[in-house]
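Notes follow once the structure below has been shown.
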DNA sequence: GGTATTGGCTATGGATCCATTCACTGCGAC
DNA sequence: GTCGCAGTGAATGGATCCATAGCCAATACC
């Protein structure tokens, strides 16, 4: 789920490991902090604090903030500062509308190249999801499931964008998952089963159809919960010192 | 056509004008150079040269290269250098496949909010396009036409991505337009007319259908011309000193 | 007492200088 | 003659230092 969209940035060989270039290391660290929820949307990110915590100068931090801004994870305002991106409901719906068109494409491009082992793993993950009640575990498994269905997609541009949007909505998916009722889970399981069945039949049309519905239904459900986006301005709360708690 | 995707980067008030921050100024300059064709795909971009030409230090240039990399216009390799992004045919087809799903979405979101004046201007532009034989003029008008059809889209995320892909394929569209035959032009004009008619009828379904076909046909046509992507490696040719010729 | 202006402080933006790394070239050995 | 290794050079990555733009508070004036 934390697959890093290498959006034309450094292809510095070793990916998320101990990246050779400091900019990438800092970016990886901050990305992990944001995706894990340590840094919540709206949180201020102070260059100096991050630099001190990671034992680097402010320069790699600045570049990292640009990289993350490109991925949509941070917002940088000139002569002002950087914050973790926050979405209002309209923006979040926008992302879901994009995903509704884009992920079926990724799936359609992927299905012809999925191996039998990958399809088998899909079923394993789906079963695990149905047995899960823990929200965080569900999120992790759900992410693995969907991204695995896209694993066969050879078009890097598409997978990069899918990853990107997956990341930017991470926080809202987590919040959303918490308030899903039992009937909601049942529908999700049903959709997963239908998608996987279509994949097994190599039926890209059906698979895309069910996936479109899956995302669309989620978007409409999300629209019924505006309270997810009404947390007050706490721009200056929980400043970036929370970034250090990952060490 | 050179609408700048403000992908979470600086919202430094004045956009492409004399941006207050040097990073943005440099990014704007390089973007213009790339989109205009002065800097061709594969061209090496040397930080020092650009810095000298724009009267800035290398630091803003570095940040500008990151910004442009995020937009897909440049590629940065650690400890190696930066180049104008080059696509092979597979990547270009990938972008077209994305556009095939994304731009109909933008159009569908736009149509309900288009004003009568905008629709009227669409017809004006379409007529001008049909009278045009010059390739560069066609490119400019075609860009204005399509982006105007998306002008009503309120979802900034979508328009940002549309602009981004429009920019990254700019060079290939130019090359492609040169080898279109008369019958090709006729089909393009027909598609434009159908799309605009659907827009006038506020028929988003038809409009999306025709637009999908328009892009898809272009992609398939493009696939028949692999010679567009076979220009040999001239990585070290026409280095970035061409960037200065815009002043 | 309220408001506006000014001054200081903080955080970011930019410039210069140093370290690092990759690539090219030249030499030598097989 | 060709392959491989080492050395040199240039360009990038990183660190420190300085300038500048916002923001907040304190003070003075209305």
Item to check | Selection status of residue B:126, part of a helix (DSSP H, G or I), surrounded by fewer than 19 Cβ atoms within 10 Å (Cβ to Cβ) and modelled with pLDDT of 95 or more | outcome: yes
Checklist entry - Restricting the search to segment B:132-151, which residues are closer than 18 Å to residue B:102 by Cα and more than 14 Å from chain A (Cβ to nearest Cβ)? => result B:142, B:143, B:144, B:145, B:146, B:147, B:148, B:149, B:151
Checklist entry - If you go through segment A:27-41 one residue at a time, do you hit one that is away from DNA strand C (no atom under 15 Å from the Cβ), modelled with pLDDT under 90, in a loop (DSSP other than H, G, I, E, B) and surrounded by 22 or more Cβ atoms within 10 Å (Cβ to Cβ)? => result no
Checklist outcome for this item: By residue number, the members of segment B:167-194 that are in contact with a helix residue (DSSP H, G or I) (Cβ under 7 Å, 6 or more places away or on another chain) and touching a residue at least 60 places away in the same chain (Cβ under 8 Å) are B:167, B:168, B:169, B:170, B:172, B:174, B:189, B:192, B:193
Checklist entry - What residue, among those in segment B:63-78 that are within 12 Å of DNA strand C (Cβ to nearest atom) and either modelled with pLDDT of 90 or more or surrounded by 24 or more Cβ atoms within 10 Å (Cβ to Cβ) (or both), is farthest from residue B:22 (Cα to Cα)? => result B:77
Checklist outcome for this item: Output for Cβ contacts, cut-off 7 Å, separation at least six or different chains, first residue within 13 Å of DNA strand D (Cβ to nearest atom) in segment A:29-53, second at pLDDT below 90 and outside any helix (DSSP H, G or I), reads A:44/A:235; A:44/A:236; A:44/A:239
Item to check | Residue check, residue A:44 closer than 28 Å to residue A:140 by Cβ and either within 13 Å of DNA strand C (Cβ to nearest atom) or more than 14 Å from chain B (Cβ to nearest Cβ) (or both) | outcome: yes
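Matching residues to (1) at pLDDT 95 or above; (2) in a helix (DSSP H, G or I); (3) within 15 Å of DNA strand C (Cβ to nearest atom); (4) under 27 Å from residue B:136 (Cβ atoms):
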{"position": "B:14", "(1), (2), (3), (4)": "no, no, yes, no"}
{"position": "B:48", "(1), (2), (3), (4)": "no, yes, yes, no"}
{"position": "B:97", "(1), (2), (3), (4)": "yes, yes, no, yes"}
{"position": "B:100", "(1), (2), (3), (4)": "yes, yes, no, yes"}
{"position": "B:108", "(1), (2), (3), (4)": "yes, yes, no, no"}
{"position": "B:111", "(1), (2), (3), (4)": "yes, yes, no, no"}
Checklist outcome for this item: The residue that is surrounded by the fewest Cβ atoms within 10 Å (Cβ to Cβ), considering only those in segment B:79-95 that are more than 9 Å from chain A (Cβ to nearest Cβ) and assigned to a helix (DSSP H, G or I), is B:89
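The values are calculated or read from the model by the stated rules, or taken from the named source; none is laboratory data. Every value quoted in this text rests on a predicted model; they were computed, and no experiment measured them. Counting neighbours? That spans all protein chains shown, and the Cβs are built from the backbone with ideal geometry, glycine included.
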